[in-house]
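The values are calculated or read from the model by the stated rules, or taken from the named source; none is laboratory data. This one's a predicted model, so the numbers in the text were calculated from it and none came from an experiment. As a convention, Cβ positions derive from the backbone with ideal geometry for all residues, glycine included, and neighbour counts pool all protein chains shown. To get the accessible areas, we keep the full protein, side chains included, count just its heavy atoms, and leave off ligands, DNA and RNA. Shrake-Rupley method; radii C 1.70, N 1.55, O 1.52, S 1.80 Å.
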Amino acid sequence: MMALAQSDDRLEIGRLSLEYSVSADRQTAQSARQRLDRLLENTLRQKLHGLYDPLRPAGDGLWFIRRLELDADIDLELSDQQIMRNWSKCFARALQSCLLDSSTEQRVYFPDYPDYLGQFVLALARGMAWKAWYFETFSGLRSLPAPMAIVTALLQDPSMGLQSLIRLQRHDIARVLNALSGQGARRLLYGFAACESASQPSAGELSQAVAAQIGGQQNVPLLVTDHPWLQALVVYLGVAANSPQLAGKALAELTLAAVTLGDQVQVLSRQCLDELRSAVLAGRQSELFRLLPLAQAQRLMPLIDLQAHDRQRLLQITQPIDKAQNPAVASNEPRYTAFGGVFLLLPLIRKLPLDEILVSWPEPPAGDKQSVIRLLLLAESLGTGVAGRVFTDPLLRDVLKVPPGLTIRELQDWLNSITARRINMAQQCYASWRWNQSGNDALSLAACGFANRRLAVVTQRQHPYWLLLCGYQPARPNRLLHTIKALLPGEAGSERALLKSAGWALENEAAVQLRNDLEYLALPQRLQPDNHARWLLMTMAQGILCDFARRVPGFSNSSLPHLFDNFLNMRARLEAEPQRWLVRLGRPPLNVVLAMTGMARNQYRLDWRDNQLVELYQGD
């Protein structure tokens, strides 16, 4: 491979293969080879210096040439200088022909190194980096997992890495950040922060920029995983893209402080949250350490150093959603959400008999139980990476009639208060309904290790729907059979056949797919209940996604992450009109397939919203 760097007039040849055709005289051939090898080794660099300068366009671009073949006739009677001059001319002609041939796949051009680096990390996030020959210069990262390779590549030169990220398209930035872990986002944030700008921005400038960026993301959010370090990195990138002079350590610390403050909205009780906001507004440092764990209180320290009006600005943008100026759905202003896939799942969740499944459950402290469970099921259906943000999304709460004042702490307390008997009753009702919906069929069982325990899932042999998800002990299979018979009386089939399937190895293909689906459906720790209600919610969410998959031709057996990445990961805009809600959906990667199903141009009614008519269209 050959690389031509225009910014510093450098030409690099990764591999040079030579083939000589000389007379049959063995002694002459040997001496000719030695002479030409010596010439190329000692003088090629000087002869090629500036060779392509007249050929290249203006700019600081990078050319990568996979293979450059050339034939040169050399008269061995000539002097060494004449031989190299003739060879250089042949090389120049071949190079010019390659650079001017737009139809060839043997050369690739990048405007500059940040663009090259950005395309590399994007290819890493897509899992396609090592299939592209022109990324061979990063081969030293091949042995690393993709998240670690992305961080390492971007931090080799933090200033270049920052430029490469902010130049990407918005949806490409989301793809790269979704591939990162929380620790990786932390390394990037502090790595980019080390690139201090020449100017020294004031605290007021920083707070104003951070508040504007967070407010903008609330209107048209960027889809990333629900992790504070990732959220802080998103805000930092947005500010650095709009105001490069503000980049630095102070911006990173203030960004993390604002994100941490906003993260407490759905974690603390109302009383603790009011005390926290009062402490921040008054600048009382000791109160922060009393109300929060040490690590989180330390992250909020940059807020204490701000002026009172700057703290007030950030408090307004991160205020609790029950006190925020959240317009109702009936507002004439368009409203946005990063989770447009929800509107494709709403017709499917309407079919669940939640009134029967939840008949014995108590009501939550705010709202009705069916609305809260609908929101939880949709959060699980979009995956653990974004479930927390789905639960707190103001537009989705409004659509589902979940009061904005319901906090995560109150949700967990409510779910944990539901007794095992009531959860079993709900599980039996759902399993019986799903059984009757898909038709009677023999049962099958798959088992795997998950969350430090062994789990088993019971399905019908001809249908992918989960009927039961519960703990499983191979040494005591009769307990599982007893549970199955209690849920589906008279439908369990042959005990011997079911026990045989229960003996599957924990690492077979079915177990691997089951584990991947469980990892996708699991709620974040702060949303997850401590009782068996979490298994019931995962079972119901899996059924919703299976219903969706069966409507997409050729994708009925797709994994749950694959469905989200290719069909459900899109934004949406809702416009409320007097007679209808007009929802314009974004375009997911496999939009062509989705359009064939008709689901993206559909209309349905929401019974919990007084039969409100919803019409779906696809926008830009």
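A few remarks follow.
- Criterion: modelled with pLDDT under 65, surrounded by 18 or more Cβ atoms within 10 Å (Cβ to Cβ) and more than 29 Å from the chain's Cα centre (by Cα) - qualifying residue of 488, 480, 499: 488
- Filtered by the rule that a residue be closer than 16 Å to residue 383 by Cβ and in contact with a helix residue (DSSP H, G or I) (Cβ under 8 Å, 6 or more places away or on another chain), the stretch 544-565 gives 544, 545, 548, 549, 558, 559, 560, 561, 563, 564.
- The combined condition, being without any contact (Cβ under 8 Å) to a residue 40 or more places away in the chain and closer than 23 Å to residue 384 by Cβ, is fulfilled by residue 563.
- Residue that is in contact with a strand residue (DSSP E or B) (Cβ under 8 Å, 6 or more places away or on another chain), basic (Lys, Arg) and free of Cβ contacts under 8 Å to residues at least 24 places away in the same chain, where the choices are 587, 601: 601
- Contact map, the stretch 126-143: residues that are without any contact (Cβ under 8 Å) to a residue 60 or more places away in the chain paired with residues that are among the charged types (D, E, K, R) and not in a helix (DSSP H, G or I), Cβ distance under 7 Å, separation 6+ or inter-chain. Pairs shown: 130/142.
- Matching residues in the stretch 384-412 - criterion: being modelled with pLDDT of 90 or more and either of a type in the set (D, E, K, R) or under 16 Å from residue 535 (Cα atoms) (or both): 397, 398, 401
- Filter result (of a type in the set (Val, Ile, Thr) and either modelled with pLDDT of 75 or more or open to solvent by less than 50 Å² (accessible area, probe 1.4 Å) (or both)) within the stretch 42-93: 43, 65, 83
- Qualifying residue in the stretch 570-586 (condition: over 14 Å from residue 548 (Cβ atoms), open to solvent by less than 30 Å² (accessible area, probe 1.4 Å), outside any loop (DSSP other than H, G, I, E, B) and not aliphatic (A, V, I, L, M)): yes
- Check on residue 473, assigned to a helix (DSSP H, G or I) and modelled with pLDDT under 80: no
- Residues (within 13 Å of residue 120 (Cβ to Cβ) and either more than 18 Å from the chain's Cα centre (by Cα) or at pLDDT 95 or above (or both)) located in the stretch 145-156: 152, 153, 156
- Considering the conditions (1) surrounded by fewer than 20 Cβ atoms within 10 Å (Cβ to Cβ); (2) closer than 25 Å to residue 239 by Cα; (3) among the hydroxyl-bearing types (Ser, Thr, Tyr), residue 164 is excluded by exactly one of them, (1).
- Conditions (1) out of contact with any Pro (no Cβ under 8 Å at 6 or more places or on another chain); (2) assigned to a strand (DSSP E or B); number of the one not met by residue 519: (2)
- Any hit, the stretch 502-509, residues being at pLDDT below 70 and in a helix (DSSP H, G or I): yes
- Residue within the stretch 168-179 that is surrounded by 17 or more Cβ atoms within 10 Å (Cβ to Cβ), closer than 25 Å to residue 386 by Cβ and either at pLDDT 90 or above or of a type in the set (Gly, Ala, Ser) (or both) present: yes
- Screening residue 301 on (1) under 30 Å from residue 194 (Cβ atoms); (2) of a type outside the set (Ser, Thr, Tyr); (3) open to solvent by less than 70 Å² (accessible area, probe 1.4 Å); (4) without any contact (Cβ under 8 Å) to a residue 12 or more places away in the chain shows it passes everything except condition (4).
- Residue that is modelled with the lowest pLDDT [pool: residues in the stretch 104-131 that are touching a Phe, Trp or Tyr at 6+ places or on another chain (Cβ under 8 Å) and open to solvent by 40 Å² or more (accessible area, probe 1.4 Å)]: 107
- Sub-8 Å Cβ pairs linking a first residue in the stretch 389-411 that is in a loop (DSSP other than H, G, I, E, B) to a second residue that is open to solvent by 40 Å² or more (accessible area, probe 1.4 Å) and among the acidic types (Asp, Glu), at least 6 apart or interchain, are 401/368; 403/322; 404/322; 405/322, ordered by first then second residue.
- Members of the stretch 587-620 that are in a strand (DSSP E or B), open to solvent by 30 Å² or more (accessible area, probe 1.4 Å) and among the hydroxyl-bearing types (Ser, Thr, Tyr): 617
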